[in-house]
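> Dropping a structure here in structure tokens format, bear with me for questions.
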Ligand SMILES: Nc1ncnc2c1ncn2[C@@H]1O[C@H](COP(=O)(O)OP(=O)(O)OP(=O)(O)O)[C@@H](O)[C@H]1O
Ligand SMILES: [Mg+2]
């Protein structure tokens, strides 16, 4: 008798990456959702020269980060999510992810992907891992490609968190896609921007300055009316005020 195994050709990564990506902004949104799930307060999405092919995307957060074990047993393992076990995060957020595939949609967007992460649990450790997809295209099996996890100096100011950079994008990310991205960021954001534990995404995209502002101004700035409600526990005292502080009967 001979035992054997199911093995995967690198093509599966390309196919999955493409199928997960109805449009290029989708992959970037997946990275923002991962920052949200990691209890980040701040998440900065920087887009450089994306209106043409060959651009760069960087998504940086100050969330939980990953230990070397979490990189090896989680981030580098496709198709299983630890989030399935969690009903909510430490900050009480309901995880946006569950399939263990979202990052692949993003990572395949460019020729190069780089992960830098510093875990909240041990802020003296920081790691970097770089992927050149050409190495996979040239290999016969996914397992044949070795990836190095480097121990690097602590990220100076942030303390903990994760940065994912995608370089030499294969497709352009045009205005329509950046608008989709901006709207998805707004839906995850703390609407008033005043909750210390809320999620505060920021878009840095010099090619689309108006969409940067859209994210900065938050969802409620687009509303025609603002209502402020107060309630002291006694339903007879409940009051609803307009944004002009006038009582609404
Ligand atoms: N910014 C991040 N900070 C901390 N951990 C992360 C971050 N991004 C990814 N991870 C880890 O990598 C895992 C894989 O991410 P991925 O988005 O592929 O899957 P998922 O979020 O679990 O599920 P889904 O496919 O539904 O998004 C996550 O479960 C998480 O453990
Ligand atoms: Mg995810």
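> Which of (1) farther than 24 Å from residue 199 by Cβ; (2) at pLDDT 95 or above is the odd one out, the single condition residue 113 does not satisfy?
If we test residue 113 against (1) farther than 24 Å from residue 199 by Cβ; (2) at pLDDT 95 or above, just (1) comes out false.
> If you go through the stretch 68-86, how many residues are surrounded by fewer than 17 Cβ atoms within 10 Å (Cβ to Cβ) and more than 7 Å from ligand 1 (Cβ to nearest atom)?
Of the residues in that region, 12 qualify.
> Also, quick follow-up: Just checking, which of 35, 113, 123, 105 is crowded, with 17+ Cβ neighbours inside 10 Å and out of contact with any strand residue (DSSP E or B) (no Cβ under 9 Å at 6 or more places or on another chain)? Talk me through it step by step, then tell me what you get.
On the way: 35 fails: out of contact with any strand residue (DSSP E or B) (no Cβ under 9 Å at 6 or more places or on another chain); 113 fails: out of contact with any strand residue (DSSP E or B) (no Cβ under 9 Å at 6 or more places or on another chain); 123 fails: crowded, with 17+ Cβ neighbours inside 10 Å.
From the options 35, 113, 123, 105, the qualifying one is 105.
> Looking at 145, 152, which one is in contact (Cβ under 8 Å) with a residue 40 or more places away in the chain, in contact with a strand residue (DSSP E or B) (Cβ under 9 Å, 6 or more places away or on another chain), more than 16 Å from ligand 1 (Cβ to nearest atom) and over 21 Å from residue 54 (Cβ atoms)?
None of the others qualify; the one that does is 145.
> I would also like to ask the following. May I ask you to verify whether residue 89 is in contact (Cβ under 8 Å) with a residue 24 or more places away in the chain, buried (at least 16 other Cβ atoms within 10 Å of the Cβ), over 18 Å from residue 198 (Cα atoms) and within 12 Å of ligand 1 (Cβ to nearest atom)?
Answer is no for this residue.
> Taking residue 181 as the residue in question, decide whether it is within 16 Å of ligand 2 (Cβ to nearest atom), surrounded by fewer than 20 Cβ atoms within 10 Å (Cβ to Cβ) and not in a loop (DSSP other than H, G, I, E, B). Let's see the steps before the verdict.
On the way: within 16 Å of ligand 2 (Cβ to nearest atom): yes; surrounded by fewer than 20 Cβ atoms within 10 Å (Cβ to Cβ): no; not in a loop (DSSP other than H, G, I, E, B): yes.
Against the criterion (within 16 Å of ligand 2 (Cβ to nearest atom), surrounded by fewer than 20 Cβ atoms within 10 Å (Cβ to Cβ) and not in a loop (DSSP other than H, G, I, E, B)), residue 181 does not qualify.
> Looking at the stretch 194-211, is at least one residue touching a helix residue (DSSP H, G or I) at 6+ places or on another chain (Cβ under 9 Å) and modelled with pLDDT under 90?
Looking through the stretch 194-211, none of the residues is touching a helix residue (DSSP H, G or I) at 6+ places or on another chain (Cβ under 9 Å) and modelled with pLDDT under 90.
> Something else now. Could you tell me whether the stretch 16-27 includes any residue that is assigned to a helix (DSSP H, G or I) and exposed (fewer than 15 other Cβ atoms within 10 Å of the Cβ)?
First, the residues of the stretch 16-27 that are assigned to a helix (DSSP H, G or I): 16-19, 24-27.
Adding the requirement that they be exposed (fewer than 15 other Cβ atoms within 10 Å of the Cβ) leaves 18-19.
Yes.
> Quick check on my filter: what residues within the stretch 67-87 are over 22 Å from residue 108 (Cβ atoms) and not in a helix (DSSP H, G or I)?
67, 86, 87
> Among 59, 50, 45, which is the only one that is within 13 Å of ligand 2 (Cβ to nearest atom) and touching a strand residue (DSSP E or B) at 6+ places or on another chain (Cβ under 7 Å)?
Working: 50 fails: within 13 Å of ligand 2 (Cβ to nearest atom); 45 fails: within 13 Å of ligand 2 (Cβ to nearest atom).
Testing whether each residue is within 13 Å of ligand 2 (Cβ to nearest atom) and touching a strand residue (DSSP E or B) at 6+ places or on another chain (Cβ under 7 Å) leaves just 59.
> Continuing with this model, one more query. Within the bounds of the stretch 34-49, is there any residue that is part of a loop (DSSP other than H, G, I, E, B), more than 11 Å from ligand 1 (Cβ to nearest atom) and within 15 Å of residue 165 (Cβ to Cβ)?
yes
The values are calculated or read from the model by the stated rules, or taken from the named source; none is laboratory data. These numbers come from a predicted model, not from an experiment. Ideal geometry is used to build each Cβ from the backbone, glycine not excepted, and the neighbour counts take in all protein chains shown.
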